[in-house]
């Protein structure tokens, strides 16, 4: 299985690192090439793992079976569709595309060409999220905080598409009910787009999710808490630890959620490789990426209305 990485900036080079570490006869994986519009950056990363470096992704056609697409979001649909039409399976980083319509076109291209399309929602592979998912029964209220220190990266998108979309995907995976109402506020602080946002999402089954995301914080916080009948679950994405407090038969009990620590991105890429090799559906497919993007866009529409 020959793999390529398109875009080897901050995140893409981690994709290349993991594929490079994965390369070998035992896994049947080979990092064949990396692509970046900056020749020096492409060459630097390629040399680390003995791969070919390119500045044009079209040079991958006929040379790779699958690709991690970590180029700017605005390029995801155009490049992704062309890759799929040339018989290449694609893992596309979040957000899947810039618009909902582009995501639909990407999904259609994958179906039409019988290719695998995986959305890069890496937190779904976080061991603590998996542990929390296993104990989730009927979540009724979520409180989510994702705060990050400002960096001059991903400023082509707002904080909802940059950070909050991770948590939107997780909430949607746990609440199998249509969204009934969205309320949101957000402001631009250090960029031209919203840098901090809060959203209240209500579902038809009565569940409510309150989410806050900021990329102008002095500290890094990634926490999710949710309540369901008789249970309260709290998780820390970064520490990969959590706890569950339950009321059963009039007695309160508490237990720790401490799954084996692992790198979520590595688990995500291993899962993608497995899907490509076995031709099975990904855990986080194109439809999942579309649902998260649709909700993110609803939130941004509310923010835009409030800011007028």
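The values are calculated or read from the model by the stated rules, or taken from the named source; none is laboratory data. As the structure is a computational prediction, the values presented were derived from the model and not from experiment. A quick note on method: Cβ atoms are made from the backbone with ideal geometry, for glycine too, and the neighbour counts reach across all protein chains shown.
Out of 131, 119, 110, one residue alone is part of a helix (DSSP H, G or I), within 16 Å of residue 291 (Cβ to Cβ) and touching a strand residue (DSSP E or B) at 6+ places or on another chain (Cβ under 8 Å). It is 110. If you check residue 13 against the conditions, is it in contact (Cβ under 8 Å) with a residue 12 or more places away in the chain, out of contact with any helix residue (DSSP H, G or I) (no Cβ under 7 Å at 6 or more places or on another chain) and either surrounded by 14 or more Cβ atoms within 10 Å (Cβ to Cβ) or in a helix (DSSP H, G or I) (or both)? The answer is no for residue 13. Take the residues in the stretch 185-204 that are within 20 Å of residue 228 (Cα to Cα) and free of Cβ contacts under 8 Å to residues at least 40 places away in the same chain, then tell me which one is surrounded by the fewest Cβ atoms within 10 Å (Cβ to Cβ). Step by step, filter the stretch 185-204, then rank; the result is 204.
Against the conditions (1) in contact with a strand residue (DSSP E or B) (Cβ under 8 Å, 6 or more places away or on another chain); (2) outside the structural domain of residue 182 (by TED's automatic domain parsing), residue 274 satisfies every one except (1).
Filtering 62, 20 for residues that are at pLDDT 95 or above and surrounded by fewer than 20 Cβ atoms within 10 Å (Cβ to Cβ) leaves a single hit, 62. Of all the listed residues (84, 54), the sole one being more than 17 Å from the chain's Cα centre (by Cα) and either surrounded by fewer than 23 Cβ atoms within 10 Å (Cβ to Cβ) or farther than 30 Å from residue 297 by Cα (or both) is 54. When residue 214 is tested against (1) under 22 Å from residue 306 (Cβ atoms); (2) in contact (Cβ under 8 Å) with a residue 60 or more places away in the chain; (3) buried (at least 19 other Cβ atoms within 10 Å of the Cβ); (4) more than 20 Å from the chain's Cα centre (by Cα), exactly one condition is not met: (4). Any idea which residue in the stretch 33-43 is surrounded by the most Cβ atoms within 10 Å (Cβ to Cβ), counting only those that are in contact with a strand residue (DSSP E or B) (Cβ under 9 Å, 6 or more places away or on another chain) and without any contact (Cβ under 8 Å) to a residue 24 or more places away in the chain? Per the stated criteria, the residue is 43. Residue 30 passes every criterion in (1) in a helix (DSSP H, G or I); (2) surrounded by fewer than 24 Cβ atoms within 10 Å (Cβ to Cβ) apart from (1). Considering the stretch 223-246, the residues that are farther than 18 Å from residue 174 by Cα and touching a strand residue (DSSP E or B) at 6+ places or on another chain (Cβ under 8 Å) include one that is surrounded by the fewest Cβ atoms within 10 Å (Cβ to Cβ), namely 238. Remark: residue 194 matches the filter, which requires a residue to be part of a loop (DSSP other than H, G, I, E, B) and in contact with a strand residue (DSSP E or B) (Cβ under 9 Å, 6 or more places away or on another chain). The number of residues in the stretch 85-95 being in contact with a strand residue (DSSP E or B) (Cβ under 6 Å, 6 or more places away or on another chain) and over 13 Å from residue 19 (Cβ atoms) comes to 6. Do we find that residue 74 is in contact (Cβ under 8 Å) with a residue 60 or more places away in the chain, within 17 Å of the chain's Cα centre (by Cα), farther than 28 Å from residue 280 by Cβ and not assigned by TED's automatic domain parsing to the domain that holds residue 152 in this structure? Yes: the conditions hold for residue 74. Inspect all residues belonging to the stretch 272-280 and state whether any of them is more than 16 Å from the chain's Cα centre (by Cα), free of Cβ contacts under 8 Å to residues at least 60 places away in the same chain, assigned to a helix (DSSP H, G or I) and farther than 16 Å from residue 169 by Cα. Looking for residues that are more than 16 Å from the chain's Cα centre (by Cα), free of Cβ contacts under 8 Å to residues at least 60 places away in the same chain, assigned to a helix (DSSP H, G or I) and farther than 16 Å from residue 169 by Cα, one finds at least one in the stretch 272-280, hence yes.
One line per residue, one yes/no per condition, for (1) over 26 Å from residue 11 (Cα atoms); (2) modelled with pLDDT under 95:
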| position | (1), (2) |
| --- | --- |
| 172 | no, no |
| 203 | yes, no |
| 208 | yes, no |
| 212 | no, no |
| 223 | no, no |
| 243 | yes, no |
| 250 | yes, yes |
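Go through the stretch 167-191 residue by residue and tally those that are farther than 21 Å from residue 304 by Cα and not in a loop (DSSP other than H, G, I, E, B). Selection size over the stretch 167-191: 6.
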